[in-house]
Amino acid sequence: MEKTTFNRRNFLLLGATASLGLAAQALPPHKNKETKKKKIIYRTLGKTGIEVPIVSMGVMRADNPAILKAAYESGIRHFDTASGYQDGRNEEMVGQYFKDKPREEIIISTKIHPPKEGLSTDQFIEKFDQSLKRLQMNYVDILYLHAATDRAYTLDPRYTEALRRIKESGKAKFVGVTTHSNMAVVLNAAVDSKFYDVVLTSYNFRLKDDTELQNALQRANDAGLGIVAMKNMAGGYLDKEKKKPVNCKAALKWVLSNPLIHTAIPGLTNFEMVKENWEVAQNHDLDEKEKGDLLLAMNEPGLYCHGCLKCSGQCPKNLPIPDLMRSYMYNYGYSYPAKAQSTVAQLNLSHNPCDGCVGDCSVECPNGLNVRERITDIARIKLVPTNFLV
Ligand code: SF4
Ligand code: SF4
């Protein structure tokens, strides 16, 4: 019998499906259902029972309703926004575009991100009511607690109570939690809660060696949670000068080759992206060139912070390094400086947080990110007048 050894290289060469074969086999058949309608591949979003095309749309960076129109007319049905995107204007655009469309045809998700000082249950509900107004809708399909990085926040009774009340009122059909750092911990907390219906998690080819995440995804599937994937392009570029783009189609195919992921929400900002990403909804098989492109991308640190928190405790100033690295990616990878600035602003740091730290930076990122250089670069964005940014 032929023996196959899996390592970093042949994982990608064989494609994610082969390497994740064991995970796929471990799923009960009803949770691994994949159906094709008009050649589009659908998967079921866990216990919500929602059948959704494997490609959905992250609306975050889109500011032109014509892109929403192109996505909707292509066949995309799940649209993901948040109360914080573009200071609420993103929700307004979604509401404006969909107000005349059959509501039952679309799946709308939004998110509430409590500030550092926290929100009471009532304040959370109030914030969500404002989202509904902007969306011009009576309900959303999924309401997420935004940006969890640990168990305590995921299970914070102020927020779970708010989500419970909102779900009971019918203003959200399902509730979930999103995470782009410490994803395995958040996924496991969501399973343990027996409360959440969906988790929206970072997932891309750079995370392929993260066995804790893989195990947590399997556990979440076994518990019936719907799994939506974001940060699929791992930053979109390998360099801040944008001379080395990630093969985005290949990256999305890699994500969707994993049956534990039910749909992905690539950020779509132009017509070409809509077309290219939607093609993946019909075929997520990686060809040889795409596998090669992902292999090459793996050889460089790129712009994506894995959110692994392996740097925690290394900085004497206890700087929020993953948040700063994510801001760097928003600015240079996503070309979204306004989001980079708002993320940095929430951290309440000076414009030069590493100032006064003598000698070499003591933070060693196992994924090769030059932490000091990136912090020094991105924290200055605080000084840029907001109206200069998009
Ligand atoms: S900076 Fe590096 S070590 Fe820290 S969370 Fe990001 S990838 Fe992990
Ligand atoms: S240089 Fe490194 S150790 Fe010093 S404050 Fe900056 S991140 Fe922390």
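The values are calculated or read from the model by the stated rules, or taken from the named source; none is laboratory data. These numbers were taken from a predicted model, which means no experiment stands behind them. Cβ placement follows ideal geometry from the backbone for every residue including glycine, while neighbour counts extend to all protein chains displayed.
Each residue in region 318-356 was checked for being within 16 Å of ligand 1 (Cβ to nearest atom) and out of contact with any Pro (no Cβ under 7 Å at 6 or more places or on another chain), and 20 of them qualify.
Residues are listed down the side, and each one gets a yes or a no for (1) in the same structural domain as ARG61 (by TED's automatic domain parsing); (2) over 21 Å from ARG61 (Cα atoms); (3) free of Cβ contacts under 8 Å to residues at least 40 places away in the same chain:
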{"position": "ASN90", "(1), (2), (3)": "yes, no, yes"}
{"position": "TYR97", "(1), (2), (3)": "yes, no, yes"}
{"position": "LYS101", "(1), (2), (3)": "yes, yes, yes"}
{"position": "ILE106", "(1), (2), (3)": "yes, no, yes"}
{"position": "SER109", "(1), (2), (3)": "yes, no, no"}
{"position": "GLU117", "(1), (2), (3)": "yes, yes, yes"}
{"position": "GLU126", "(1), (2), (3)": "yes, yes, yes"}
{"position": "SER131", "(1), (2), (3)": "yes, no, no"}
{"position": "LEU135", "(1), (2), (3)": "yes, no, no"}
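Condition first: touching a residue at least 40 places away in the same chain (Cβ under 8 Å) and buried (at least 24 other Cβ atoms within 10 Å of the Cβ). Can you find one or more residues in region 208-219 that meet it? Yes: one or more hits.
Go through region 333-362 and give me each residue that's within 16 Å of ligand 2 (Cβ to nearest atom), crowded, with 21+ Cβ neighbours inside 10 Å and assigned to a loop (DSSP other than H, G, I, E, B). Spell out how you get there, then give the answer.
Quick first cut of region 333-362, residues within 16 Å of ligand 2 (Cβ to nearest atom) only: 344, 347-362.
If we keep only those that are crowded, with 21+ Cβ neighbours inside 10 Å as well, we get 344, 353.
Residue satisfying the conditions is PRO353 alone.
Going by what's in this entry, would LYS275 be described as at pLDDT 95 or above, away from ligand 1 (no atom under 16 Å from the Cβ) and surrounded by fewer than 19 Cβ atoms within 10 Å (Cβ to Cβ)? Please lay out each step first, then the result.
On the way: at pLDDT 95 or above: yes; away from ligand 1 (no atom under 16 Å from the Cβ): yes; surrounded by fewer than 19 Cβ atoms within 10 Å (Cβ to Cβ): yes.
For LYS275, the condition - at pLDDT 95 or above, away from ligand 1 (no atom under 16 Å from the Cβ) and surrounded by fewer than 19 Cβ atoms within 10 Å (Cβ to Cβ) - is met.
Within region 371-390, the set of residues being within 15 Å of ligand 2 (Cβ to nearest atom) and in contact (Cβ under 8 Å) with a residue 12 or more places away in the chain comprises VAL371, ARG372, ARG374, ILE375, THR376, ASP377, ILE378, ALA379, ARG380. For first residues located in region 346-358 and free of Cβ contacts under 8 Å to residues at least 24 places away in the same chain, partners that are within 16 Å of ligand 1 (Cβ to nearest atom) and not polar (S, T, N, Q) and lie 6+ apart or on another chain with Cβ distances below 9 Å form the pairs GLY356/LYS317.
ILE265: at negative phi and in contact with an Asp or Glu (Cβ under 7 Å, 6 or more places away or on another chain), yes or no? It is true that ILE265 is at negative phi and in contact with an Asp or Glu (Cβ under 7 Å, 6 or more places away or on another chain).
So, in region 307-332, of the ones that are in a helix (DSSP H, G or I) and among the hydrophobic types (A, V, I, L, M, F, W, C), which residue ends up farthest from ligand 2 (Cβ to nearest atom)?
Filtering region 307-332 for residues that are in a helix (DSSP H, G or I) and among the hydrophobic types (A, V, I, L, M, F, W, C), the one farthest from ligand 2 (Cβ to nearest atom) comes out as MET329.
Using the structure shown, decide if ASN387 is surrounded by 12 or more Cβ atoms within 10 Å (Cβ to Cβ) and of a type in the set (S, T, N, Q).
Details: surrounded by 12 or more Cβ atoms within 10 Å (Cβ to Cβ): no; of a type in the set (S, T, N, Q): yes.
The answer is no for ASN387.
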